[in-house]
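Below is one structure; the comments refer to it alone.
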Amino acid sequence: MVATLDRVLLIREAPMPANHSMGDFSQDAQLVLAARGGDRAAFGELYERFGRMVHGVMLAHVPYAEVDDLVQDVFLIALRRLDSLREPVAFAGWLLAIARNRANDFHRRPRPSEEFQEVSGNKDPDEHEAQAALAAIQSLPEAYRETLSLRLVEGMTGPEIAARTGLTPASVRVNLHRGMKQLREKLGKSAPHE
Amino acid sequence: MNDDYLWDGSGTPDPEVEQLEKQLGRFQYTQPKFEFPVAATSPLYTRPSRKRLWLAAAAVAMLLGGILLMRELTGRVEWTITGVQGSPRIDGKIAARNQTWKIGERLETDAASRVQLQVDDLGQVEVGPNARLELMQASVTQQQIRLLRGTIRAKVTAPPYVFLVRTPGAYAMDMGCAYTLQVTDGGVSILRVSVGWVDLQHGFLQSLVPAGAAAESRPGIGPGAPYFEDASEQFREALETVNFGAENSQARSEALTIVLADARPRDAYTLLNLFRRVDPEDRGRLYDRLALLLPPPAGVTRQNAVDGDDLSPWWDKLGLGHPKKGQHGPPRIEE
C-alpha cells in the first residue's frame, strides 16, 4: 500500500520553495522567460544553475553510468515543455519532478541483462569502496538518499540544498542527520558521540 | 560531536564525512554545457525565415483546429456553477448559476456565500464560505484546482488520480472518493475522507488517507500520518508533535510515547504510517507496540522495522483493502 505504491511525482508545477530568496526566484524566472522567448544562452544558464542538483538527484536513483545521459534527457524534456510551465518561479520544483519521473521511467523500462552490464570485479580498491558507498546511499529511504547525494557527492551545503529543492532547512538538516546515521550503519561505521 | 560540518561544512570536520566526500567526489557533476538538440527539433531557434514563420503559423493553426475538433468530438470538461448562495465572485465579478468557471480564473466566497459546481460527469464540488480557489487544469485526464483558503467538499466519480487539489502543504489526489478539504489562513490543510481513499503528497512524503480518517498537511513539511478521528484527543495532540515537530527531537520522542500508549487496534494504521516519520532509534518501540495491536505477518521482523525496510505485508493485514490505482496506474500528469 503506502510503501509500495508508485510515487506520483508527475506534478505539473511543484510547490514553490519556501526558502528560496526572492532574488533567486526573480533571476530564475527571468531566465525561464528569456528561454521561452528563444534565448539559448538563458537556457544554458538554467542548465548551469540546476545541472548539479539534477545530477545529484539522478545519482540517488540510477546507476552512475546512466546519470549523464539522463541529466541531458531531463533538460531536453524541460526545453520541450518550457511553455507548459505556468509559473516561471516554480521552475526548480518542476525540474525536480521531471528528474524524478525520468528516474522512475528508467527503472520501469527493460534494460540490458546483467551480462552486458559493467563487471565490477576489475575495480581498484578505491573505486570499489566508492561504488559501495554510493550503493549504500542509493539503498537508503528516499527521504535521505537525495539529500545525502547532493551533500556528499555534489558538495552542496545544507542551505544550498534547501534553497534548490524547496525543502525547509530544518527538513534538510534532519534528513542529513538521520541519513548519515543510517549510512554509517550500512557501511559498518560507528556513529560519533552526540 | 554536532553535525555542523555535515550541514554546511563549518565546525570541526567529521573524518567519516570527509572520507565519504573524497570517495564520492569522483561521481560529481562535471558537465557544464548543455548539448542543444539540432535546430529543427529545438524550440529554441534563431532568426527563422519569413517562409518558415508562415509555415509554422499554418501548422499551428491546423493543430489548434485539430485540437478544438478533438475536444468537440471527445467532450471537453467544464466546471459549471449549479448552485449559488450569497454573492460568490469569479475574478472579482459576481458569479451566476450556469456560469462556467474557466482555467486561470479565481473563485472567491465571502462569509455569507457558497457555490456548488458540477464537473461534467466527473464529480461535484461544494465551496464553503470564505474560500478562495483557482482552476488550474480542466481536461478529461486531469482536473486540478488550487485551494488557497477555505473549505471544499468533493464527491468524485472520475477515475483515480484524475482529480487533484493543490494546497499549500500537499497535493490531494483523489482515488475515487468523497472528502472535505480545508485550508486555514495559516496554510495548514486538513483532509477528512468519508468514502474511498485520498493520496496526499508533497516532496518525499506521502500519506494514503482511507475513509473515516483525516490528515493534516503543513507548508514546507507536507502531509502528516493519517489518523482516525475517533482517536483520543491526547493521541491526536501528540501525533501532531510527532508529525510536525521536526525542530525538537526530544519533544517528538516524548510525544511518540503518548501516541503509543494511547493507540488502539484501529490506530495501527497511524502507527504503520509513522515508521518513515520517527527517528530510527524509535522504530523499535514503535514495532513493539504495533505488534501487540496487530501481530506482524511472517517474515516481518523487528530488525526489518528498525532498518527501515519495506513493511508492505503488514499493510495488507490491516484489512482496509487497497485503493484503486486506475486503469493506467498513477496519473501521467505532464510536468
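Readers should treat all values here as calculations from the given coordinates under stated rules, not as data from a laboratory. Just so we're clear, the structure is a prediction, and the values are computed from it rather than from any experiment. Positions of Cβ are generated from backbone atoms using ideal geometry, with glycine treated the same way; all protein chains shown enter the neighbour counts.
For the residues of B:208-221, the average number of beta carbons from a partner chain within 10 Å of their own beta carbon is 2.
Remark: region B:267-277, residue by residue, has Karplus-estimated 3J(HN,Hα) of 7, 4, 4, 5, 4, 4, 6, 7, 4, 8, 10 Hz, where x stands for each Gly or Pro and the curve is 6.51 cos²θ - 1.76 cosθ + 1.60 at θ = phi - 60°. The aspartates and glutamates within cross-link reach of A:K186, meaning a Cα-to-Cα straight distance under 14 Å and a gap of 8 or more places when in the same chain, are A:E129, B:E16, B:D307, B:D309. Qualifying trypsin sites (Lys or Arg not before Pro) in region B:92-156, where qualification requires a DSSP coil assignment and no more than 15 other C-beta atoms within 10 Å, comprise B:R97, B:K102. Between B:K155 and A:R108, the FRET efficiency estimated from the beta carbon spacing at R0 = 35 angstrom works out to 0.60. Quick one: net charge around B:Q118, please, counting Lys, Arg +1 and Asp, Glu -1 for every other residue with C-beta under 12 Å from its C-beta. Net of charged neighbours comes to -2. Our estimate of slack between A:Q138 and A:R86, defined as 0.36 nm per intervening residue step minus the Cα-Cα distance, is 15.5 nm. Partners of B:K93 within straight-line reach, counting aspartates and glutamates whose Cα lies under 12 Å from its Cα and excluding those fewer than 8 residues away in the same chain: B:E105, B:E108. Charge tally around A:G158: other residues with Cβ under 12 Å, Lys/Arg +1 each, Asp/Glu -1 each, net -1. Exposure proxy shown here: for B:I103, B:I145, B:I81, the number of other Cβ atoms within 10 Å sets the order, fewest to most, as B:I103, B:I81, B:I145. Peptide B:14-25 shows a mean partner chain C-beta count of 6 within 10 Å per residue C-beta. Past 25 Å, Cα to Cα: identify those pairs from A:K181/B:K22; B:K102/B:K155; B:K155/B:K317, in the order given. Beyond 25 Å between Cα atoms: B:K155/B:K317. Over region B:106-221, what is the percentage of antiparallel beta bridges among all DSSP beta bridges, to the nearest 5? Of those bridges, close to 90 percent are antiparallel. I'd like the Kirkwood hydrodynamic radius of region B:93-202, using the inverse of the mean 1/r over distinct C-alpha pairs, in Å. When all Cα pairs of region B:93-202 are included, the Kirkwood radius is 13.8 Å. Indicate the gyration tensor shape class of region B:248-315 (rounded, prolate or oblate), computed on the Cα atoms with a ≥ b ≥ c the square roots of the eigenvalues: a/c under 1.5 is rounded; otherwise a/b larger than b/c is prolate and the rest oblate. Oblate. Averaged over peptide B:165-173, the number of partner chain Cβ atoms lying within 10 Å of each residue's Cβ comes to 2.
A cut-off under 12 angstrom between Cβ atoms defines the neighbours of B:R132, and their net charge, with Lys, Arg +1 and Asp, Glu -1, is -2.
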